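Enquirer: After the C-alpha cells below, expect a handful of questions from me.
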Amino acid sequence: MPKSNQSRQKILDSAKDLIWTCGYRGTSVDDICAAAGVRKGSFYHFFPSKEALTVAALEDEWQQRRPDLERLFFPDTPPMERLQGFFDLTYQQQRLAWERNGQVPGCALFVIGCETSPDFPEIRRKVNDICGRYQRLLASAISDAMASGLIPPGNPARKTTLLFTWYEGCLIQARIANDLDLLREMSANALRLLEAIPENPVTTAGSRHSESFSSNF
C-alpha cells in the first residue's frame, strides 16, 4: 500500500476507535492525528473536515464488514440460518469488544447518529444509508422465511422495521448499562420476535459461527 494510502487508513482507523468510544464531540482532530501518528496537514490533505472523515469512516467500516455480510446472507443459505447467524455474530462482536476494552460498544451507527443529528446532515444521511443496507439484508431473509412457511405470513418490510428497531434498542441498552448479559439471548429472542418455526433447536450465541466482526458495529 502506498504511504499516502497508509496514512489515510491510519486516520480512518484512529477515527473509528476514538469516535466510536468517546463520541463525535468528545474527539478532536488533534486527538485523531495523535492516535494516527500524522500531522494535522496530512489530515486536511485527505479530509476537509471531521464530518467528512466520519462519513468516510462509516463507509470504510461497512466495506470492511461487507465480505462477512455477503457470506452470511448468501441467498442459498436457509433464511433462518441467515438471521440467526447475524444475531449470533453481533453478540460475538460485542463480547470481543467488551473483553478488549471493558465496555459494551453498542452500535456505532446509532451512537454517532443520535449524537450528530440534526447538526451534521452528511453524517445523518450516511447513517441512514448504511442502516438501509442492513435492513435490506434482513428483509431478504425475512421474505424468504415467510415464503418457506418458517415464520407467519405478513409484510416483510414492516417486520424488518420491527426487528431492526428492536435490535438497535438492545444494543443501546447494553451500551448504557455496560451489561453484556442483555445481549446473550439476542439470537433466540430475535426468532421469538419473528414468531419463528425453527427447523432445528436454536443454538447459543455464536456456537455455530466464527468470531468475525471484530469492529464496534
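Enquirer: Does region 101-178 classify as rounded, prolate or oblate by the C-alpha gyration tensor (a ≥ b ≥ c root eigenvalues; a/c under 1.5 gives rounded; else a/b over b/c gives prolate, otherwise oblate)?
Expert: Oblate shape, in that a/c is at least 1.5 and b/c is the bigger or equal ratio.
Enquirer: Work out the P(r) tail for the chain: percent of alpha carbon pairs separated by more than 29 Å, whole number.
Expert: Within the chain, distances greater than 29 Å cover 29 percent of Cα pairs.
Enquirer: Along the three principal axes, how long is region 134-185 when you take its alpha carbons, biggest first, rounded to the nearest angstrom?
Expert: For region 134-185, the Cα spread along each principal axis is 38, 17, 15 Å.
Enquirer: Show me the ranking of peptides 34-40, 59-65 by mean Cβ neighbours inside 10 Å, starting with the highest.
Expert: Order by mean packing, descending: 59-65, 34-40.
Enquirer: Which whole-number percent is the relative contact order of region 1-65 (Cα, under 8 Å, 6+ apart)?
Expert: 40 percent
Enquirer: Would you mind checking 126/159; 16/50; 10/126 for any pair whose Cα atoms are more than 19 angstrom apart?
Expert: 126/159; 10/126
Enquirer: Between 146, 186, 80, find the one with the highest GNM mean-square fluctuation for the chain; connect C-alpha pairs within less than 10 Å.
Expert: Greatest mean-square fluctuation among the candidates belongs to 146.
Enquirer: Could you tell me the center-to-center distance, by alpha carbons, between region 126-170 and region 1-51 in angstrom?
Expert: Cα centroid of region 126-170 versus Cα centroid of region 1-51: 34 Å apart.
Enquirer: Still on this structure: Counting pairs of Cα atoms in region 1-47, how many percent are more than 12 Å apart?
Expert: Everything past 12 Å amounts to 55 percent.
Enquirer: Same structure again: Remind me, relative contact order of the chain in percent, using alpha carbon pairs under 8 angstrom and six or more residues apart?
Expert: 27 percent
Enquirer: Next question, about the same structure. Please give the calculated 222 nm ellipticity per residue for the chain, where each DSSP H segment of at least 4 residues contributes -39500 (n - 2.57) and the sum is spread over every residue; nearest 500 deg cm²/dmol?
Expert: -22500 deg cm²/dmol
Coordinate-derived values only; no laboratory data. Keep in mind it's a predicted model, so treat the numbers as computed, not measured. Cβ: placed from backbone, ideal geometry, glycine included. Neighbour counts: every protein chain shown.
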